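Structure record follows, encoded as structure tokens.
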Amino acid sequence: MSTIARRTGAAGSRIAGLGHYRPSRVVTNDELALTMDTNDAWIQSRVGIAERHWASESETVITMGAEAARMAIADAGLTPADIDTIIVATCTLPSQIPHASTQIAAILGIHAPGSFDINAACAGFCYGLAVASHTIRAGAGKNVLLVGVDKLTDWTDLTDRSTAIIFADGAGAAVVTEADVEGIGPVVWGSDEEKTEAIHVTDRNSYIYQDGQAVFRWATTQIAPVALEAVAAAEVDLSEIKALVTHQANLRIIEAIAKKIIAAGAPEDLVIGKDIITTGNTSSGSVPLALSRLRESGGITTGDLVLSIAFGAGLTYAAQVYRCP
Amino acid sequence: MSTEDTLTGLAEIVEEVSGVPAADVTADKTFTDDLDIDSLSMVEIAVAAEERFGVKIPDDELANLKTVADAVTYIDSNK
């Protein structure tokens, strides 16, 4: 009887390009204060957001994702014809069929790619980065386009100050390619199946519900240890980590995680992704948006070691170390 | 550990989390109105108190701890 062949791919994988898309409409805290009982100081002290981007009707999960993807492909020095696999991390598609990645492929003219979406909510990008890396090392693809995109405002009660001040829209993308030397460390991922209700949408006519205190407690106590596990799994020294780019949930959560990472031995001048201040919480889009901004601003540069951890509804999380393209 | 020690320890935690001077954290003060501590800071205070005093302070219990005295009593009767 024949044995099924085992295919092996490249020795390693790396991020080769980054892209992002922020909707054109900027919504300030003062604007939100016109329609709900809140104000700039209240919002900034609780979640650290000064302004966010909200998509227009014509800026959809698909169009925002496609724009971020286009930029990432160019940044990688590739063309759409080079992409053989597309993975889209999203949890806010208005219709689940067809899935997002095939629609983005159609817009960009990417022919016959392997194509699927993943939903790990706000943890989606780091899950997707692991899947993209595994795809390349298994030989299933050579140039994988990974998009993280969400249009949370479609699923948010914009008069509810517990969620409307936080949630926003945007997309980020990365191209993951083959590498001789590993550029993406082992993923540490997991979930807490006892907290499925902490963030949920009841049905297609409902808005996102979030138990803010429960999520805050979980994120500020359970997430930093997972990030440290990812550093250990990559077998790099914590002192070599240049930047921490977490899911942009709430500035206070980001700062609480960063404090623990620094206390564990990361550099005192660790660069910390704080894109949330002007972008809000964009779920699957937040890590690549923050990463792309840090690189644009010169906070990180090619070859720097970055530690990312994303976490969200599920509750679910994923972390890895990788090199900035 | 005496009630006095619990109050002193809790006041230190409140100062570290919120910046309110420990001396202002007296038994009769309410966390929300008198000390201006928001719901997320209350979670941080609870987590720090759990570590320091070896108690469990679940989120639904937090809502009942209106005053500093409420918190001290809860900690002392649950540790």
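The values are calculated or read from the model by the stated rules, or taken from the named source; none is laboratory data. Predicted model only: the values in this text are computed from it and were never measured. Reconstructed Cβ throughout: ideal geometry from the backbone, glycine too, with neighbour counts over all protein chains shown.
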- Of the residues that sit in region B:20-62 and are over 12 Å from residue B:10 (Cα atoms) and of a type in the set (Lys, Arg), which one is nearest to the other protein chains (Cβ to nearest Cβ)? B:56
- Message: On the basis of being within 21 Å of residue A:216 (Cβ to Cβ), modelled with pLDDT of 90 or more and not in a helix (DSSP H, G or I), does residue B:14 make the cut?
- Response: no
- Query: Can you tell me which residues in region A:72-109 are within 14 Å of residue A:18 (Cα to Cα) and charged (D, E, K, R)?
  - Reply: A:75
- Query: When you go through (1) away from chain B (no Cβ under 14 Å); (2) crowded, with 22+ Cβ neighbours inside 10 Å; (3) touching a Cys at 6+ places or on another chain (Cβ under 8 Å) one by one for residue A:249, which number turns out not to apply?
  - Reply: (1)
- For region A:252-269, how many residues are more than 13 Å from every other protein chain (Cβ to nearest Cβ) and surrounded by fewer than 16 Cβ atoms within 10 Å (Cβ to Cβ)? 6
- In the set B:76, B:34, which member is outside any helix (DSSP H, G or I) and over 27 Å from residue A:222 (Cβ atoms)? B:34
- Those residues of region A:112-136 that are out of contact with any strand residue (DSSP E or B) (no Cβ under 6 Å at 6 or more places or on another chain) and acidic (Asp, Glu) come to a total of 0
- Note on the structure: Scanning region B:1-31 for residues that are of a type in the set (Ser, Thr, Tyr) and surrounded by 13 or more Cβ atoms within 10 Å (Cβ to Cβ) gives B:3, B:6, B:8, B:18, B:26, B:30
- Message: Given the condition of a type outside the set (Phe, Trp, Tyr), within 14 Å of chain B (Cβ to nearest Cβ) and under 20 Å from residue A:156 (Cα atoms), answer yes or no: does some residue in region A:52-68 qualify?
- Response: no
- If you go through region A:148-164 one residue at a time, do you hit one that is within 14 Å of another protein chain (Cβ to nearest Cβ), part of a loop (DSSP other than H, G, I, E, B) and buried (at least 17 other Cβ atoms within 10 Å of the Cβ)? no
- Specify which of the listed residues (B:66, B:56, B:79) is surrounded by fewer than 16 Cβ atoms within 10 Å (Cβ to Cβ) and touching a Ser or Thr at 6+ places or on another chain (Cβ under 6 Å). B:66
- The residue that is farthest from residue B:43 (Cα to Cα), considering only those in region A:192-214 that are more than 14 Å from every other protein chain (Cβ to nearest Cβ) and acidic (Asp, Glu), is A:203
